[in-house]
Amino acid sequence: MLGAMSRPVRIAPSILASDFGRLADEVRAAEAAGADMIHVDVMDGRFVPNLTVGPAILAAVRKATRLPIDVHLMILEPERHVQAFAEAGADNLTVHIEASPHLHRTVQHIRALGKTASVSLNPHSPIDGLDVVLPDLAMVLVMSVNPGFGGQSFIPAVLPKMRALHERILARGLSTAIEVDGGISAETAGAVTEAGASVLVAGVAVFGKPDYRAAISAIRDAARAPSSAGAQTPK
Ligand code: DX5
Ligand code: ZN
């Protein structure tokens, strides 16, 4: 029984799909449209093929919004950079399990900086490596695409892993949220919330639409649909 399906769904628009030439306006528009947090994707050209933004751009986002800022570090050796991103205005810092050989230390470092810590899993990565750090995490970010680019197709094969993670969190009596990132839209939101996700990152499905408020509402409504319709408990 996945009782935490009643947890309120939070929508985190990813600025990766925004117009970077108007970044502050885009962030303000997402906030005005009902976003719950702003998701900032940091890529290093090594852990993932793409390069994006660093602490200076995060500081600009920080000035544009009062919403929590969720920083997704798709970088090797994230421990070298967490302090800079914390000082630039992150509220949550997510590191990848595949990029963090000293994951426990890095998680404690983030918490000592006064930020929440989260850990992300690539689509193929198992949940077992999380067990020791799970009580210290605000969120586990389950990637539903291979990270590096926006606008990719959702990978349904991650759904059983999300269900298993959700059951493990509930069995341990933890409050860790499951965040999902990649290919999330009104079409996929129902399946991921049914599998236990409560924080939905969406890039193209928000910033690629003409009306951000309608786009966020559509995702939120679709996410609510399974529980409000009394959908079956996922196996
Ligand atoms: C992908 C990033 C995502 C990306 C999602 O590596 O981590 O946050 O912006 O983009 P969409 O929602 O367009 O798949
Ligand atoms: Zn992301």
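Each value in this text was obtained by applying a stated rule to the coordinates, not by laboratory testing. Every value quoted in this text rests on a predicted model; they were computed, and no experiment measured them. FYI the Cβ positions are ideal-geometry reconstructions off the backbone, even for glycines, and counts take in every protein chain you see.
Which net charge results when you count Lys and Arg as +1 and Asp and Glu as -1 among the other residues whose beta-carbon is under 13 Å from that of LEU141?
Here the count lands on -3.
What ranking do GLU179, GLU26, GLU167 get, fewest neighbouring Cβ atoms within 10 angstrom at the top?
GLU167, GLU26, GLU179
When Lys and Arg each count +1 and Asp and Glu each count -1, what net charge do the other residues less than 14 Å away from ILE75, Cβ to Cβ, add up to?
Result for the neighbourhood of ILE75: -3.
Any idea how far apart ARG111 and GLU77 come out in nm if each label point goes 7 Å out from Cα toward Cβ?
2.6 nm
Using the 2.2 N^0.38 Å rule of thumb for compact globular proteins, work out how the range 81-147 stacks up: its C-alpha Rg over that value, please.
In units of the 2.2 N^0.38 Å rule of thumb, it is 1.05.
Over the Cα atoms of the range 52-109, what Rg and Dmax result, in angstrom?
Cα only, the range 52-109: 11.3, 34 Å (Rg, Dmax).
Quick one: net charge of GLU179's neighbours, Cβ under 9 Å, K/R +1, D/E -1?
It works out to a net charge of -1.
Rg(Cα) of the range 37-160 divided by 2.2 N^0.38 Å?
The reported ratio for this selection is 1.00.
If you project the alpha carbons of the chain onto their three principal axes, what span does each projection cover, largest first, in Å?
Rounded to whole Å, the extents work out to 46, 42, 29 Å.
Nearest 5 percent is fine: what portion of the DSSP beta bridges confined to the chain is antiparallel?
Just about 5 percent of them are antiparallel.
I need the calculated FRET efficiency for the pair ALA24 and GLU187, taking r as the beta carbon distance and R₀ as 41 Å, to the nearest 0.05.
According to the calculation, E is roughly 0.85.
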